[in-house]
1. Does a label point 7 Å from the Cα of E83, set along Cα-to-beta-carbon, have any residues of segment 23-41 with amide nitrogen under 20 Å, and which are they?
2. For E270 and L33, compute 0.36 nm times the residue count separating them, minus their Cα-Cα distance, and round to one decimal in nm.
3. On C-alpha positions alone, give me the angle between the axis of helix 74-84 and the longest principal axis of the chain, in degrees, nearest 10.
4. Say R0 is 22 Å: what FRET efficiency, to the nearest 0.05, do M157 and M127 get from their beta-carbon distance?
5. Considering the chain as a Gaussian network with a 10 Å cut-off on Cα pairs, which listed residue, M25, M179, M94, attains the greatest mean-square fluctuation?
6. To the nearest 0.05, how large is the calculated FRET efficiency for D230 and S205 if R₀ is 22 Å and r is the Cβ-Cβ distance?
7. Based on DSSP loop calls and a cut-off of at most 11 other Cβ atoms within 10 Å, the longest stretch of the chain free of exposed trypsin sites (Lys or Arg not before Pro) is what?
8. Distances longer than 26 Å among the Cα atoms of the chain: what percent of all pairs is that?
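What follows draws every value from the coordinates through simple rules; no lab data is involved. Every value quoted in this text rests on a predicted model; they were computed, and no experiment measured them. So basically every Cβ, Gly included, is an ideal-geometry build from the backbone, and we count neighbours across all protein chains shown.
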Amino acid sequence: QAKSSGKDKTVFFNAGIGGQLSRKMELEKDLRLALEHRQFFIVYQPKWDAKLGREAGFEALLRWQHPDKGIVSPGEFIPIAEETGLIVPMTRWMLGEVCRLNRRWHDEGLFRVCVSVNMSYRVFESMTLLDMVEDALRSSGLEGAMLELEITESIAMKNMAITLSQLQRVRDLGVKVSMDDFGTGHSSLGRLDEIPVDTLKIDQSFVKSSDRVSKQALIVGIIGIARLLDLEVVAEGVETVEQAEFLLSRGCVLMQGYYYGRPMLPEEVEAGAWKLAAVTNQAASAD
Ligand code: C2E
Ligand code: MG
Ligand code: MG
Ligand code: MG
């Protein structure tokens, strides 16, 4: 009995590992064709100014519509894209699309805000960032200040010489830089003043537990650092009125999260229904 159940376990274990490997290998193979087969699309999540009651910007987030696996989450395919280097052409495409759409929003008088794109270390390592940003701005005619790049502490710390020189060059074009997931990466606190950034984004894990005093202390600390270094601060992952109220009471007015708006297709962003909800939620948190 014991022997046969042991054998079953071995078979199950092998199948599990095999199954995972083959999904990853399949995704890796399919990812190579995804760009030319137009399987990517971009959703936009609002950053809301809770003081002025209007949108302060949008974050562009990549989505992959796989032909038979449905929507694959970026949490799954971005690491594969990074490992294979496919993230470089994907980011080039993304920058082009985002700048083109934002230019149209400006021209149509819909929004006059900055749209951000997430960066991977591989993009810096490839030394092509300046070229892709220049291309995207030139072909769209968008002004540099209306584009923002989101980096993380680990990107900045991995090879400071490589990242800082490229960040400096794109900033010379007016492009903004924000530090994503701030507080979770390799701590760069000691060198934060050397990294050219305009904004700190408080990681959603802090916001999620902002009912806990320890996390409140961290949030207040980040807001304080931002103020001292003259940086903007955005809270990520704001889902409830309590979180919004706490952040507002501590002087963080820029909010991003499901409470204000989910990542949406351009048509949904333009239709503006989310704005009504954001304003209503805004009023609720001001009470
Ligand atoms: P991120 O840059 O920190 O993006 C924020 C993530 O939090 C997004 O997940 C967003 O949908 C989610 N989010 C926003 N508000 C809330 C909320 O209120 N509650 C909760 N629970 N989640 C919220 P998403 O779109 O799945 O992206 C995950 C990560 O994948 C991103 O984290 C980013 O690191 C990466 N990523 C997405 N698109 C790209 C891209 O184009 N290039 C690169 N390099 N990375 C990307
Ligand atoms: Mg981000
Ligand atoms: Mg983030
Ligand atoms: Mg995150």
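1. The answer is 23-35.
2. Details: separation 237, 0.36 × 237 = 85.32 nm, distance 3.00 nm.
Full-extension gain reported as 82.3 nm.
3. Approximately 70 degrees, to the nearest ten.
4. Computed FRET efficiency for M157 and M127: 0.75.
5. Maximum among the listed residues: M25.
6. Numbers: r = 25 Å, r/R0 = 1.16.
In this case the efficiency is close to 0.30.
7. On the way: sites that count: R38, R112, R212.
No qualifying site falls inside 113-211, the longest such stretch.
8. Details: 20225 of 41041 pairs.
Tail of the P(r) past 26 Å holds 49 percent of the pairs.
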